[in-house]
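Beneath this line is the structure, given in structure tokens, with notes to follow.
Computed from the coordinates by the stated procedures, all read-outs in this text should not be read as laboratory data. Here the structure is a predicted model, which is why all the values come from computation and not from measurement. Methodologically, a virtual Cβ is constructed for each residue, glycine included, from the backbone with ideal geometry; neighbour enumeration extends over all protein chains shown.
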Amino acid sequence: MGPLSIKIKISDRIYPMKVQPEDETFVRKASKMLEERVRVYQKNLGIQDQQDLLAMVAFDCLVEGLKMKGKATVETNTLIHKIENWKEHVEKALQHMGNQPNV
């Protein structure tokens, strides 16, 4: 099945898009989240200009993405360290078992 033709509303404008069927739900959800963030910025900051609102939301999303990427990197490094420790323990245990006399 080929891409779907859908329309997404962003800041009172309609944008036609072609998306893969498996991505449609994500694209529509992203559109709704974007609209909600624009409304929140508009309400909390009193900004009316749509371009300024979209710029602020884009910036906020990038900051969030960088935070998540940094957190994922820390978690990945922690897991790698744990796996290396487990590997060392297993290797020591296997060496110790190999040094045992056969009874």
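Full extension of the chain between N44 and V90 yields a length gain of 11.0 nm, computed as 0.36 nm times the residue separation minus the alpha carbon distance.
Full extension of the chain between E35 and V19 gives 3.8 nm of extra length, using 0.36 nm per residue less the Cα-Cα distance. Applying a threshold of 23 Å to the alpha-carbon distances of K43/K67; K9/K43; K71/K92; K7/K67; K7/K71 flags K43/K67; K71/K92; K7/K67; K7/K71 as lying beyond it. With respect to the chain, whose longest principal axis is taken over its alpha-carbon atoms, helix 50-98 is tilted by about 10°.
Which FRET efficiency value, to the nearest 0.05, is calculated for K9 and K82 with the Förster distance at 41 angstrom and r the Cβ-Cβ distance? Write down the numbers at each step before the final one.
Values: r = 46 Å, r/R0 = 1.12.
Computed FRET efficiency for K9 and K82: 0.35.
When you restrict to C-alpha pairs under 8 Å that are six or more residues apart and normalise by the size of the chain, the relative contact order lands at 15 percent.
Length available on full extension from R28 to D60: 0.36 nm per residue minus the Cα-Cα distance, which gives 9.6 nm.
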